[in-house]
Amino acid sequence: MNDRVNKIAYEGEINLAGYVIPCYVLEDGTRVLSGRAMQNALKMVDESENGSQTSGKRLDRYLEQKTLEPFIYKEKDRSMFSPLTCYKGGSKINGYDAEILADICEAFLDARNNIKLAPRQKIIADQAEILMRGFARIGITALIDEATGYQYERERFELQKILNAYVSESILKWQLTFTDDFLQRIIPTLENTIYIS
C-alpha cells in the first residue's frame with residue numbers, strides 16, 4: 001500500500017473529443033485525470049431505472065472483466081490501474097494516472113480486433129478509437145512545439161493574455177522588459193498561483 005500523500009500542485013482541464021476532463025499534476029510530477037470524467041469520455045455508463053445513462057464506478061468493473069484482462073494487463077502491472085486519491089487543500093479528488101487512459105483505449109482496440117465484444121464493450125472500443133485519434137493530434141502538436149522551442153512562445157502568449165486581463169493599461173508597457181528566460185521561469189509559478197488561488 002502506498003502511503004504517500006498525493007498533493008495537487010497544478011490543475012486544469014483538457015478537451016478531448018468533446019469531453020472536458022479535469023486534470024492535475026501532483027507535487028511529484030504525476031499527471032492525473034479525473035476518474036469520473038475518464039469514465040464519461042470512454043462512455044462507461046450505467047443504465048438508470050428510467051433508461052437514461054449515468055456515470056458510475058464502472059472502470060474497475062471493466063478492468064476486472066475476464067474477457068478483457070489479457071488485453072489490459074498484458075504489459076502493465078495491475079497496480080498501475082489503481083485509483084489515486086489526491087488532495088487540494090482539504091478537498092479529496094479521485095483520479096487515475098493519466099497514462100492509463102491510453103492503455104485502456106489500446107486494450108479495448110486490441111480486444112475488438114481479437115475477440116467478439118459485448119455490445120457495451122463495443123461502444124467503449126469505438127469511443128477508444130476516437131480518443132486515440134485525439135491523442136495523436138495533441139501528441140504531434142506537442143512534439144513539434146517541443147522540437148522547435150515553440151512551447152515557450154506558446155506559454156508567453158498565454159502569459160500575455162493573463163497580463164492583459166489583470167494588469168492596467170498604464171503599466172502594460174513594462175511587460176516588454178521581461179526577458180524570455182524570466183518568462184520561462186515565472187510561468188509555472190504564475191500558473192500555480194492562478195490555478196490554486
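Applying a threshold of 6 Å to beta carbon distances and a minimum spacing of six or more residues, or different chains, the list of pairs starting in the range 114-140 at a residue that is within 13 Å of residue 41 (Cβ to Cβ) and open to solvent by 60 Å² or more (accessible area, probe 1.4 Å) and ending at one that is at pLDDT 90 or above and outside any helix (DSSP H, G or I) reads 123/43.
Look at residue 74 and say whether it is closer than 27 Å to residue 138 by Cβ, over 12 Å from the mean Cα position of the chain (by Cα), open to solvent by 80 Å² or more (accessible area, probe 1.4 Å) and without any contact (Cβ under 8 Å) to a residue 60 or more places away in the chain.
Values: closer than 27 Å to residue 138 by Cβ: yes; over 12 Å from the mean Cα position of the chain (by Cα): yes; open to solvent by 80 Å² or more (accessible area, probe 1.4 Å): yes; without any contact (Cβ under 8 Å) to a residue 60 or more places away in the chain: yes.
Yes: the conditions hold for residue 74.
Of everything in the range 1-40 that is open to solvent by 30 Å² or more (accessible area, probe 1.4 Å) and among the hydroxyl-bearing types (Ser, Thr, Tyr), the residue that is nearest to residue 97 (Cα to Cα) is 10.
Of the helices (runs of 4 or more DSSP H) that lie entirely inside the range 112-197, those containing 2 or more residues that are hydrophobic (A, V, I, L, M, F, W, C), more than 30 Å from residue 71 (Cα to Cα) and modelled with pLDDT under 55 span 169-172, 180-196.
Under the condition of being of a type in the set (D, E, K, R) and surrounded by 14 or more Cβ atoms within 10 Å (Cβ to Cβ), which residue from the range 88-98 is farthest from residue 131 (Cα to Cα)? Talk me through it step by step, then tell me what you get.
Pass one, the range 88-98, residues of a type in the set (D, E, K, R): 88, 92, 97.
Narrowing the set further to residues that are surrounded by 14 or more Cβ atoms within 10 Å (Cβ to Cβ) leaves 88, 97.
Numbers: 88: 28, 97: 16 Å.
Across the range 88-98, the extreme among qualifying residues is 88.
The values are calculated or read from the model by the stated rules, or taken from the named source; none is laboratory data. None of these values were measured; they are calculated from a predicted model. Glycine also receives a Cβ, built like all others from the backbone with ideal geometry; neighbour counts cover every protein chain displayed. Accessible surface areas use protein heavy atoms only, side chains included; no ligands, DNA or RNA. Shrake-Rupley method; radii C 1.70, N 1.55, O 1.52, S 1.80 Å.
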